[in-house]
1. Within the set of pairs 6+ apart or on separate chains, which have a first residue in segment 107-135 that is modelled with pLDDT of 95 or more and of a type in the set (Ser, Thr, Tyr), a second that is part of a helix (DSSP H, G or I) and open to solvent by less than 40 Å² (accessible area, probe 1.4 Å), and C-beta atoms under 6 Å apart?
2. With a cut-off of at least 3 residues that are of a type outside the set (Ser, Thr, Tyr), open to solvent by less than 80 Å² (accessible area, probe 1.4 Å) and modelled with pLDDT under 95, name the helices (runs of 4 or more DSSP H) lying wholly within segment 338-444.
3. Check whether at least one residue in segment 514-535 is at pLDDT below 95, small (Gly, Ala, Ser), open to solvent by 30 Å² or more (accessible area, probe 1.4 Å) and part of a loop (DSSP other than H, G, I, E, B), and report yes or no.
4. How many residues does segment 503-513 contain that are in a helix (DSSP H, G or I) and closer than 12 Å to HIS447 by Cα?
5. Take the residues of segment 228-279 that are among the small types (Gly, Ala, Ser) and part of a helix (DSSP H, G or I): which is surrounded by the most Cβ atoms within 10 Å (Cβ to Cβ)?
6. With (1) open to solvent by less than 10 Å² (accessible area, probe 1.4 Å); (2) not in a helix (DSSP H, G or I) as the list, and LEU221 as the residue in question, which single condition is left unmet?
7. Can you tell me how many residues within segment 72-96 are of a type outside the set (A, V, I, L, M, F, W, C), more than 14 Å from HIS274 (Cβ to Cβ) and either outside any loop (DSSP other than H, G, I, E, B) or free of Cβ contacts under 8 Å to residues at least 24 places away in the same chain (or both)?
8. Which pairs turn up if I take residues in segment 270-296 that are closer than 17 Å to ALA326 by Cα and look for partners that are part of a helix (DSSP H, G or I) and aliphatic (A, V, I, L, M) with beta carbon separation below 6 Å, at least 6 apart in sequence or on another chain?
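The values are calculated or read from the model by the stated rules, or taken from the named source; none is laboratory data. Quantities reported herein were computed from a predicted structural model and do not represent experimental measurements. Glycine gets a Cβ as well: all are built from the backbone with ideal geometry, and neighbour counts include every protein chain shown. All accessible areas refer to the heavy atoms of the entire protein, side chains included, with ligands and DNA or RNA removed. Shrake-Rupley method; radii C 1.70, N 1.55, O 1.52, S 1.80 Å.
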Amino acid sequence: FRVAILSQPDWHSAEPWQQFGRPRLFFAISAGNMDSMINHYTANKKIRSNDAYSPGGKARLRPDRASLVYTQRAKEAFPGIPVVVGGVEASLRRLAHYDYWSDKVRRSILLDAKADIVVYGMGERPIVEIATRLASGSSVKDLRTQRSVAYVLGAKEIVPEDFEGKKILPLPSYEEVKADKLTFSRATALIHSHTNPFRSHALSQKHGDQTVIVNPPDYPLSEQEMDDVYGLPFSRKPHPTYTEKIPAFEMIKDSVTIMRGCFGGCNFCSITAHQGKIVQSRSETSILTEVASIARDKNFKGMISDMGGPTANMYKMRCSRPDIEAKCRRPSCLMPVKCPVLNSDHRPLIKVLKKAREIPGIKKIFVASGVRMDLAQESSEYLRELTEHHVSGLLKVAPEHVAPEVLRYMRKPAISNFSKFSDAFKNASCAVGKPKQYLVPYFIASHPGSDIHAMIELALYLKRSGYRPEQVQDFIPAPFDISTSMYYTGLDPYTEKPVHVASGLKERKYQRALMQYFVPENYYLVKEALILAGRQDLIGSHSDALISAKPPRTRML
């Protein structure tokens, strides 16, 4: 198949969509590497001043809700040509969902975009199957038998009884989830219970007199299929229409993806919804071939910036019992306790890292993907390899919070896990003669369950541990996530019990300020928060005081 790529077109008219002529088969639309609203707006709903995925880092080269706008222009340019929408934005909006930026429940993206079909997930198999079928004369309606697709039935069409022999399960309608938060919460729990491709049912959801059908996820790619995908002759360069550097590309151009998927199951993360819980890994040969190819590039400086994926250390890790994996309902293999049949052997990863370091032209291979600390602690050999060869001085990790209740809502390990890893990392670094390597822990403010008291607990932990975060990671409710459902409904979807939500701008400011209590500009916000929480004991000059009783001096102009 010949494919023309129209990269970040000017969407103000349909003219760019017409420059290649009428497509023979279909338009394939993606909003980009992330949801366009997250890409454009901060947690405070302010317009971002830059875009790491655009040339020159310029903002606003893509429209808000890009999938909708691009689809509209495609249909305007060539009426009658099928439009297939995919990518992260479409994946996370395939059913009725809460939209943070409009603060309302929106319809499936199928209806708002008026797309013919949505492909959710990574989509390599579906896109080829769609092209093959349409090329052989099949209609768009014939594509409804595929996995990983969602489509709309017209008012007069009858909802199928089953998909691949399994009953199609009805979800509460768009009107019902929009009208009642408990119903929305229950729908969320049901949707997320059908993400395992081996046991999922297709789902249906009424939207007025139309029905959205979401078929089960596609099966994970085999190792050979992963090798075939990543072994394609990619140019490893930005689209040729770009004339300025792209910040995100500059950061990852010398990186290597070795696996996809994540079985961590964090409630605030969209990876499981898009890539799946089952880890899919490339073969050692495939990875080393790519590293060698990078090393031969005349512009390569000798440094591989990352070898990883959604996490740094889940390579070749998967359920050791296919019969159990095929019927598993657990959203996480690690929480609340690690599954006893999970294979978490680090030896394949250690082996491929060692071999990659030996390739001529490779000076250094860094690990920039986030390390899953609870897994890393299982292998002293991996920690030794990591600290001796693959840390650039700083290693990113994500404990996220310290309050037990907040961590439970996040589906993250207790903070003691981070403390143990910190000690193990420090000891391993010293043992290999690199005592000045440090951890960079990431924490989240304003996640559901986190109130001012929980953030004060975090601030005290940061002070006692000597961490001073340079940036605050503020919770953004992304469509489809479990944490987003908690944010919108104020309920835990699994227990239906109330959850504290920092929905007001004032409280969100307090939480951000408490994480950076040491910044002079935050003094008065921190003081207000401490007084509001009845924690005036933390104002003063003693060792646990977050701020002094006397305001910091401000520069007079």
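1. TYR120/SER91
2. On the way: elements: 347-357, 373-376, 380-389, 404-410, 415-431.
Fully inside segment 338-444 and qualifying: nothing.
3. No, there is no match, as no residue in segment 514-535 is at pLDDT below 95, small (Gly, Ala, Ser), open to solvent by 30 Å² or more (accessible area, probe 1.4 Å) and part of a loop (DSSP other than H, G, I, E, B).
4. Filtering segment 503-513 for residues in a helix (DSSP H, G or I) gives 505-513.
Narrowing further to those that are closer than 12 Å to HIS447 by Cα: 507-508, 511-512.
So the answer is 4.
5. So, considering only residues that are among the small types (Gly, Ala, Ser) and part of a helix (DSSP H, G or I), the one surrounded by the most Cβ atoms within 10 Å (Cβ to Cβ) is ALA273.
6. LEU221 satisfies every listed condition except (1).
7. 6
8. Short answer, once both residue conditions are applied: GLN280/MET226.
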